[in-house]
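Down below is the structure, laid out as structure tokens.
The values are calculated or read from the model by the stated rules, or taken from the named source; none is laboratory data. These numbers come from a predicted model, not from an experiment. Heads up, the Cβs are rebuilt from the backbone with ideal geometry, glycines too, and the neighbour counts pull from every protein chain shown. Each accessible area value is taken on the protein alone, full model and side chains, heavy atoms only, with ligands, DNA and RNA left out. Shrake-Rupley method; radii C 1.70, N 1.55, O 1.52, S 1.80 Å.
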Amino acid sequence: MSHNKDKGLGVAYSDESKWVIVRDYFEFVDLVTKNFDKIKLVSFDHDLACFKKTHGIREEFTGKTATDYLINFCLDNNKKFPDWYVHTDNTSGRGNIIGAITNYLKVIEGFDISNFRYYHSGIVNNKLV
């Protein structure tokens, strides 16, 4: 997903060339693990079409799986959750990602989410978007 004049945060946030795009869960894990301190914003999609088959069982990895990884990475490494945005068109996936992040921010980081509403898509520069 690129944030351009028609979608996402728009070009006012960042030039499209500054985004690092990962296409699956495993690329995301690798990027977070190796470059967490360089990450300024994570923009989540839910439907990654990422699967792994182990012992005949097919497991799907989604944007929610990536969200859970990032939350656990922050917990395990005593890091603050980066700015974030959810750009997915999957409505139930969107709710699951936002719910996990806002719950983490409220319970673990003490972030005041009382003004967060269903039409918000994330928190960038400490402001609801």
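Assorted remarks:
- For region 70-86, residues that are touching a helix residue (DSSP H, G or I) at 6+ places or on another chain (Cβ under 9 Å), within 17 Å of SER43 (Cα to Cα) and surrounded by 12 or more Cβ atoms within 10 Å (Cβ to Cβ) total 8.
- Every residue from region 26-58 that is among the aromatic types (Phe, Trp, Tyr), in a helix (DSSP H, G or I) and under 20 Å from GLY122 (Cα atoms): PHE28, PHE36
- Region 23-63, residues that are among the aromatic types (Phe, Trp, Tyr), touching a Lys or Arg at 6+ places or on another chain (Cβ under 8 Å) and open to solvent by less than 80 Å² (accessible area, probe 1.4 Å): PHE36, PHE61
- Residue in region 104-128 that is least open to solvent (accessible area, probe 1.4 Å), counting only those that are modelled with pLDDT of 95 or more and farther than 20 Å from ILE39 by Cβ: GLY110
- Verdict on TYR85 being touching a residue at least 60 places away in the same chain (Cβ under 8 Å) and either aliphatic (A, V, I, L, M) or at negative phi (or both): yes
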